[in-house]
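Taking it in order: structure first as structure tokens, then the write-up.
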Amino acid sequence: MDDIIKVYGASWCPDCRRAKRFLGDQRVSFEWHDIEVDPDGVRVVQERNNGNNIIPTIIFADGSHLAEPSNEELAEKIGLERMAMLHVYDLIIIGGGPAGLTTSIYAARENLQTLIIDSKGLGGQAGVTERLDNYPGFPDGIGGAELADRIVQQAQKYGVEMLQAVSVNAITTDGEECDVETATGDHYHARAVLIATGSTYRRTGAEGEEDLIGAGIHFCATCDGPFYKGAKELVVLGGGNSALEEGLFLTQFVDKVTIVQRGDRLTANKLLVDKVLMTSRMEVLYNRSVTSFRAKDDGSGKLGAITIQNTETGETEELHPAGCFVFIGLDPNTEFIKGQVDLDDRGLILTDMGLQTSMPGVFAAGDVRSGSTKQLASAVGEGAAAAIGIRMYLESLDSKPVHMM
Ligand SMILES: Cc1cc2nc3c(=O)[nH]c(=O)nc-3n(C[C@H](O)[C@H](O)[C@H](O)COP(=O)(O)OP(=O)(O)OC[C@H]3O[C@@H](n4cnc5c(N)ncnc54)[C@H](O)[C@@H]3O)c2cc1C
């Protein structure tokens, strides 16, 4: 019997995309079978569902299957723990990316009872990054999943408790203790909370994008630009400050950088726009939107072509760059805390020098924090700094005089 999970579905099926994303977020390996191009797939699906075409149909290593499962059913099937052992902790960390995991290692080593709650899988964005070449200590680079696994193991070694596939919906405080409410309806309490929920890079939503992230589609030029040294062309999507800054940065690696902008002008500041327009190795295509991304035909699974449409004429054309960098915005994962802690105008959390937010006992670190650099090494550093800030905060509570009634 195969020990790999097999997902049968079709590219147009939103439930199939959701299930694939859920497994991917948990970093569970699976084989994708598109039943529209794999006739044997149709047979398997029908055999499993009494002759019906129900997708996604997911076959597990033990031979059992689930048809059209919810994320909760999938979480149960792959054995994810979704309820914590205790109700009260010294520290609750929301977000199990590099920042949150680092804080947890520091805290647990100091004997603080620590719980991490993550809405997806542990490791955060680092866990889904193909390769990291700029993280100190790994001269040959390291796979994102491997690094994430190592950090998780280190946290486990010190007894950090971790929940996955559980979102935090709200944090409230009575001034002494915080109440953390999860989407599963559970409430956990702690004197200190760390928000390390990161930010989500906006995606185009175009067909094929999801499967090519990290395999030709990127969101960070500093991180992934050097992989393309010597290539002919890179495409940058977007026309704002980040897109142009990163586009200019990428020109040092390749012959040409093509900026693809939806609107009829670039929206970055004038200085940047002028610089881009004066750079001979940059071309700007206006009024173009991406309709799909396609993998190469050679089976490598790498980006082969981008189809863009002229929004004025309706005409489509294909671009064949070595890679594509998407800079169409960043959404901080702060929806659940809006109105509770102070945010900057981009929705990132404001903190003081000790990384404490405007809510007493609630700290923030990593990509979710205003002023963060959106780099792994910084997220880890902020995780360590937050741990020290939290320790000082808890010590200050312990030394408070007790008022006798
Ligand atoms: C494709 C890609 C490639 C990258 N490559 C590099 C690189 O080469 N070098 C580099 O330095 N940096 C790189 N980065 C950036 C780096 O990964 C991030 O800076 C780093 O992961 C930030 O860590 P974090 O812990 O702050 O947030 P994240 O890693 O984003 O982790 C946040 C976690 O919080 C969870 N979460 C969100 N909302 C909730 C909620 N409501 N309840 C519970 N949990 C929640 C998320 O599921 C996630 O696991 C890359 C990023 C991406 C996307």
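The values are calculated or read from the model by the stated rules, or taken from the named source; none is laboratory data. The structure presented is a predicted model; accordingly, all values stated were derived computationally and were not measured. So basically every Cβ, Gly included, is an ideal-geometry build from the backbone, and we count neighbours across all protein chains shown. The area values use the complete protein model at the heavy-atom level, side chains included, leaving out ligands, DNA and RNA. Shrake-Rupley method; radii C 1.70, N 1.55, O 1.52, S 1.80 Å.
Listing for the model above:
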{"quantity": "When each of K302/K374; K20/K120; K20/K77 is checked by Cα-Cα distance, pairs over 21 Å", "calculated": "K302/K374"}
{"quantity": "Residue-wise HN-Hα coupling along segment 56-73, computed from phi with Karplus coefficients 6.51, -1.76, 1.60 (Hz; x: Gly, Pro)", "calculated": "x, 10, 10, 9, 9, 4, 7, x, 6, 9, 10, 9, 6, x, 7, 4, 5, 5"}
{"quantity": "Accessible-area composition of the chain, carbon plus sulfur, in percent [1.4 Å probe]", "calculated": "49"}
{"quantity": "Span from the segment 316-332 Cα centroid across to the segment 170-189 one, whole angstrom", "calculated": "39"}
{"quantity": "Residue-level accessible surface for V341, protein heavy atoms, 1.4 Å, Å²", "calculated": "10"}
{"quantity": "FRET efficiency estimate (nearest 0.05) - Cβ-Cβ, D345 to W12, R0 41 angstrom", "calculated": "0.60"}
{"quantity": "Where segment 276-354 is the region considered: accessible area per residue in Å², 1.4 Å probe", "calculated": "56"}
{"quantity": "Dimensionless Rg ratio for the chain, taking C-alpha atoms and the 2.2 N^0.38 Å reference", "calculated": "1.08"}
{"quantity": "Simple spin-label estimate for S289 and T184 in nanometres, 7 Å along Cα-Cβ", "calculated": "3.9"}
{"quantity": "Candidates per GluC sites (Glu not before Pro) in segment 159-223, loop by DSSP, up to 16 other Cβ within 10 Å", "calculated": "E176, E177"}
{"quantity": "D352, D264, D345, D15, ranked by accessible area, largest first (probe 1.4 Å)", "calculated": "D345, D264, D352, D15"}
{"quantity": "Cysteines in the chain lacking a second Cys C-beta under 4.7 Å", "calculated": "C178, C324"}
{"quantity": "Straight-distance crosslink candidates among aspartates and glutamates, where the alpha carbon sits under 14 Å from K232 and sequence neighbours closer than 8 are dropped", "calculated": "D255, E283"}
{"quantity": "Extension gain (nm, one decimal) between I54 and D40, 0.36 nm per residue minus Cα-Cα", "calculated": "3.6 nm"}
{"quantity": "Prolate/oblate/rounded label for segment 184-274 (Cα gyration tensor, a/c 1.5)", "calculated": "prolate"}
{"quantity": "Accessible-area ranking of F336, F293, largest first, probe 1.4 Å", "calculated": "F336, F293"}
{"quantity": "Rounded if a/c under 1.5, otherwise prolate or oblate - segment 264-314, Cα gyration tensor axes", "calculated": "oblate"}
{"quantity": "Integer Hz, Karplus 6.51/-1.76/1.60 couplings in order for segment 138-147, x for Gly and Pro", "calculated": "10, x, 9, x, 8, x, x, 5, 5, 4"}
